[in-house]
Structure formats: C-alpha cells, structure tokens
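Each remark here refers to the structure printed beneath this line.
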Amino acid sequence: FRGNNYLIMAFDPEDVQAYIDKCEPTDPTCYSVTELTSLRVGVDTFFLIFSATLVFFMQSGFAMLCAGSVRAKNVKNIMLKNLLDACGGAIGFWSLGYAFAYGGSDKYHKAFIGNTDFFLRNFNEGEDYASWFFQFAFAATAATIVAGTVAERCKMAAYLCYSVMLTGFVYPVVVFSIWSSSGFLTAFNTDPFRGIGMIDFAGSGVVHMTGGTTALIAAIILGPRMGRFHDSDGVALDTPVTFKPHSVSLQILGTFILWFGWYGFNPGSALKIANSSSATVASLCAVTTTLAAASGCVTAMFTDTFMQRKLEGETQYDLTMAMNGALSGLVGITAGCAVVTPWASIIIGIIAGWVYIAFSKFLIKMKIDDAVDAIPVHFANGMWGCIAVGLFAEPDRMNLAYSTDKHVGWFYSWSRNSGDANLLLCQFCGVLWIIGWVSIIMIPFFSILQYLNMFRVDELEERVGLDISHHKGSAYDIHGPDPDDLSNYSVRQSLKHNSAAKQGESVPA
C-alpha cells in the first residue's frame, strides 16, 4: 500500500515491499484498490453466471433423459413438463422463492424463513442478480426431478401447480434452514447447530433430497402406470412389467449433459473464483465430482451384471444401470465435494452405485412406480451424500471450505482420539428435517389434487398416450406411405423389371 491508496499486483509476498518502494501512481503495473476490487467482482460474477448457465443447461439433460426413458406416445408431454419446470420455477423463485430462501439473512440471528427482497425489489448490483440466477437454476433442478417419476400419467395443470409450489415455497424454506446464514441448521451462523451445522456444499440434501422426497410422495399418491404391477382386471402380476425406453440414444445424451452440467453445480458452489482458496475449492470439486460419477457408473453396472450372472448364468451389461449409477455417484458426492479427499470420493461413488440398486429394487417390491428411477438416484443417494460428509469430511479441506475443523468426519475424529460425531449428527438431523418438511407440505398438496381429480389423467387418455390426448398428436411421424401409393409403386417397379428382362432375352448371345 502507498499513501495514495494504490496496490501492487505481485506473485510473491516478499517482492511486494520492493515494488512499493519504486511504484508510482502512474505506473501501469499499479492498480487502485477500486480498480482491483472491481476486477475481482467482475471475475467472480462471471464465474457465477457461467456456473449457473451450466446448471441451467442440465434442464436439457433431464429433458433428454426423460424423453428417452418413456414410451414414444408420451414424449411431447414429458418434454413440455421439463420446459414448464424452468418457466414455473423462474416465476416462483422471482416472486417469492428467493425472498423466502435468503431474504433478511443475518449471521447473528436465526429465523425460519426469509422475509425481504420479494420480486427482487432491493436488487441493484450485478452480484445480486448473478446470485439470483445461480440459485434459480438450482431451484429449477429440484423441481424437474419429479418430472420423470410421474411421467406418462400426470396431468399438466397439476404439474405446473406443483412446480410453482416447490420453487416458490417448499424448496426455499429448506434452503433458508441450511444455506442461509440465519437458518437453524446452517454452518454459516455465528452460533451454528451443535457448533458446526449441516454441511451440504452443493445440495445432496437441499436440492436432490427435496426433489426426491417430493417425487416419492407424488409416486405413492399418483399410483403406478397401468399394466406395471397389475393386469387389466386389477390382479397383481407375478413379475412387474418393464416398459422399455423408446430411445436409448436420448437417454445417454441426457446422462452426459447432466454430468457436464454438474461441473457448474459442484465447482460453481464455491461462488467465487478470484482468490486462491476459492480456486482450490472449485478445482477439488471438479476432481471429486468426476471420480464419484465414474466409480458409481462402473459399480452399478458390474454389480448388476454379477447379480444377473448368479441368478441366470448369463453375462449382460445394462446401460441403464451404468447411466443411473453415474448419476447416483454425482448426487452422492454433491454434499461433500469440497470437503472430502479424491480417494474418499471414489468410495462415496461406489456406495452410491449400491444404494441405487438396492433402493430401485425396494421400490419395485413396494409397487411404487418410478418411470426413470429418479427416486433411487436423487432421494436415496441424496441421503447417502449427506451422511457421507459426516463420515469422510477431512480437516484440512473443511478448513479451506468452511474455515473450521473443530468438528470433522467421524472417521477423522477417531484419528484425533475423540470419536466426535457432532457433524454426523448434524447430517442426520438435516436429512430428517428435509424429509419431514417436504412431507408435511407435499402430502396434503398432492392429496388435494388427487381429491379434486386434478392429478391423474383418465384410463383411456393414458392408454392412447398423453401426446395424442393432450398435445395435438404424436411426437414422431411414424406412419408409412399411403397403401394405394405403395401398391402403385410396386406395380410400376414390377413392370420395369419385366421389361428389362424381356430386353435382355432379345439380345443375341
């Protein structure tokens, strides 16, 4: 620093004094405090907007994955629901959601819900707008998780109502409790719960469990698709019917888009990049995210292959298991991506693959129909991701991301000869809170929709497909040529062949 309030940009702190001695205000290597602060704000704001864009791009991944997973007669319907998620989420989060999630946050006090900044009335700076955009992208992600679960049988009006309800009220209360500095479970208050608060860096619980719990409730109240677990007379089937996806290509495209978007989801949750600590945190998140996804993918696929070989004596590799295993690993690492080591992220991904398989089979046993297996991926592995933090949070990385290592993962606590399980307890409390809050609101909400006959389409509409019954026709033009035209074409081709044959016979050898 100099008396004229100028700063010097240097790589090594030991060089600063030498620069100070010779630096002049007109020196192009000198930057004013205002200029340097403005540059930092600009870089951080760009980082947040770019990350939010990646997260929003995940909407197309959900759309492709869901469209590929359903039958061809319901493609338009599921695509429109994904689009309306973004639209309803934007309106709900602009009007009420952001205010409930972050309004009036104060690290010196605690509250249940935000109460300022409705309709973004007090927003004036670029950082504020970038923050809203980033948080909106997360809210839309929570909402779209339900789309695949209730596919092929849910009414459009009910889905739009749910999307606004979730992003405008249910999800924001969860956000306020865990991510706002005034939440009762937050780690950012001066007096956090049990001295540490819940650690959910990018949203295994806040985003994925909230959406997954809602999906589970919706699936139970809505009921399974026709023919999934019962025949046309209502008699239970010995073996549930599996409805084949109409496009594996769209499924794998959606999976890759989601994986790509997760690099905005997890590293972007560092919120800043223009300092070495934030840059380190974001970089670690990218590594742990990659390793968890990869290990989840191969674990789910090969475990399923091994189980099938033991039962049927045949070796086959299930692409659906591989895709959902990767997504399970991504969900599982989301809470702890900034506070676990790379080797721990592999373990988290492996267990996430097993959690997915176990919970998927459990749903089938309970006759709960999830068209895209979103509940095992987001609900079950959202829980596992939160709990994994309580086990694997490493002291140095906790210090870097949360500026404290007082309470760390239970496995590391034992190395301190303490057995301190405060963080693990906070994680369990957070899981129970999310399940309880979402259930208290969404069970009555979906039950009312069901009672008013606003939730499920009628049987005939479901049989013919929602594209025809709700969206002016099928998504694909699968009709062949006109029969008369085809017949005339066949006759013409036959005459051509006969004529060519006769000409060949008349030619001398």
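The values are calculated or read from the model by the stated rules, or taken from the named source; none is laboratory data. Here the structure is a predicted model, which means the values were calculated and not measured. All Cβ positions, even for glycine, are placed from backbone atoms using ideal geometry, and neighbour counts span all protein chains on display. Note: areas computed on protein heavy atoms with side chains; ligands, DNA, RNA excluded. Shrake-Rupley method; radii C 1.70, N 1.55, O 1.52, S 1.80 Å.
If you go through the range 329-349, how many residues are open to solvent by less than 10 Å² (accessible area, probe 1.4 Å), over 14 Å from Leu391 (Cβ atoms) and either touching a Pro at 6+ places or on another chain (Cβ under 7 Å) or not small (Gly, Ala, Ser) (or both)? Of the residues in the range 329-349, 4 are open to solvent by less than 10 Å² (accessible area, probe 1.4 Å), over 14 Å from Leu391 (Cβ atoms) and either touching a Pro at 6+ places or on another chain (Cβ under 7 Å) or not small (Gly, Ala, Ser) (or both). Out of all the residues in the range 354-366, is one or more aromatic (Phe, Trp, Tyr) and buried (at least 24 other Cβ atoms within 10 Å of the Cβ)? Looking through the range 354-366, at least one residue is aromatic (Phe, Trp, Tyr) and buried (at least 24 other Cβ atoms within 10 Å of the Cβ).
On the stretch given as the range 96-128, residues that are modelled with pLDDT of 95 or more and hydroxyl-bearing (Ser, Thr, Tyr) total 2. Restricting the search to helices (runs of 4 or more DSSP H) fully inside the range 99-191 and requiring at least 2 residues that are open to solvent by 10 Å² or more (accessible area, probe 1.4 Å) gives 126-149, 156-165.
Might you check whether a residue that is assigned to a loop (DSSP other than H, G, I, E, B), touching a residue at least 60 places away in the same chain (Cβ under 8 Å), open to solvent by 10 Å² or more (accessible area, probe 1.4 Å) and not hydrophobic (A, V, I, L, M, F, W, C) occurs anywhere in the range 194-210? Reasoning before the result, please.
Just the residues of the range 194-210 that are assigned to a loop (DSSP other than H, G, I, E, B), to begin with: 196-203.
Now restrict to residues that are touching a residue at least 60 places away in the same chain (Cβ under 8 Å): 196-203.
When the remaining residues are screened for being open to solvent by 10 Å² or more (accessible area, probe 1.4 Å), the result is 201.
Those left that are additionally not hydrophobic (A, V, I, L, M, F, W, C): none.
No, the range 194-210 has no match at all.
Cβ separations smaller than 8 Å between residues 6+ apart or across chains give the following pairs from the range 219-239 residues that are farther than 15 Å from Lys155 by Cα and outside any loop (DSSP other than H, G, I, E, B) to residues that are among the aromatic types (Phe, Trp, Tyr) and open to solvent by less than 60 Å² (accessible area, probe 1.4 Å): Ala236/Phe229.
Only residues that are over 20 Å from His208 (Cα atoms), β-branched (Val, Ile, Thr) and open to solvent by 30 Å² or more (accessible area, probe 1.4 Å) were counted across the range 248-301, and they come to 6.
Of all residues in the range 183-198, those being over 23 Å from Gly103 (Cβ atoms) and β-branched (Val, Ile, Thr) number 1.
Here the condition is being crowded, with 22+ Cβ neighbours inside 10 Å and of a type in the set (D, E, K, R); of Arg463, Arg456, Arg397, Arg416, it holds for Arg397 alone.
Residues checked against (1) farther than 26 Å from Trp132 by Cβ; (2) more than 18 Å from the chain's Cα centre (by Cα); (3) not in a helix (DSSP H, G or I); (4) not charged (D, E, K, R):
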position	(1), (2), (3), (4)
Trp262	no, no, no, yes
Gly268	no, no, no, yes
Ile273	no, yes, yes, yes
Ser278	no, yes, no, yes
Cys285	no, no, no, yes
Ala292	yes, no, no, yes
Val298	yes, yes, no, yes
Met301	yes, yes, no, yes
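Confirm whether Ile375 is over 30 Å from Val75 (Cα atoms) and either touching a Phe, Trp or Tyr at 6+ places or on another chain (Cβ under 7 Å) or not acidic (Asp, Glu) (or both).
no
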